[in-house]
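Chemist: Can you read through this structure? Questions will come right after.
The values are calculated or read from the model by the stated rules, or taken from the named source; none is laboratory data. Small disclaimer: the values here were computed from a predicted structure and weren't measured. Neighbour counts run over all protein chains shown; Cβ positions are idealised from the backbone, glycine included.
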Amino acid sequence: SFFGCQNAASVFGAASQCAVDKVDLTILDNVLVGTSMQLEPSEYNSHVVRNNLFFGGWECRQGCPPQRILMLGGSGTLDVRDNIVYGGFGGYYLRADCSQYVAWENNVAIG
């Protein structure tokens, strides 16, 4: 997963025992190839995923396709807009309650 925290010491500002579920996080305007992302904000945190393009399929050569490309859950709020997921076996894997989504707009899964 993209946010595994295995190399936290090399990431500017990350604690050695990082946990992305305990921080507010924004993923904006990215192209991600051949990686999955698991976003599960804790109760008082929010994760925003906007305007991203995720590729996971035969187009990438390293460990593709991921079974699930974008996994959303946790107990905090999620703002998910204008994303495209292409390839993989499961584009969006939704495990959050409907009430947790501040917005779910214009998200597309292809392939």
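Chemist: Could you list, in sequence order, all residues of segment 75-89 that are in a loop (DSSP other than H, G, I, E, B) and either hydrophobic (A, V, I, L, M, F, W, C) or over 11 Å from residue 51 (Cα atoms) (or both)?
Modeler: Listed by number, the residues that qualify are 75, 76, 87, 88, 89.
Chemist: Follow-up. Check segment 17-25 and report whether any residue there is over 26 Å from residue 109 (Cα atoms), in a loop (DSSP other than H, G, I, E, B) and modelled with pLDDT under 60.
Modeler: Scanning segment 17-25 turns up at least one residue that is over 26 Å from residue 109 (Cα atoms), in a loop (DSSP other than H, G, I, E, B) and modelled with pLDDT under 60.
Chemist: Since residue 35 meets every condition but one in (1) modelled with pLDDT of 90 or more; (2) surrounded by 14 or more Cβ atoms within 10 Å (Cβ to Cβ), which condition does it not meet?
Modeler: (1)
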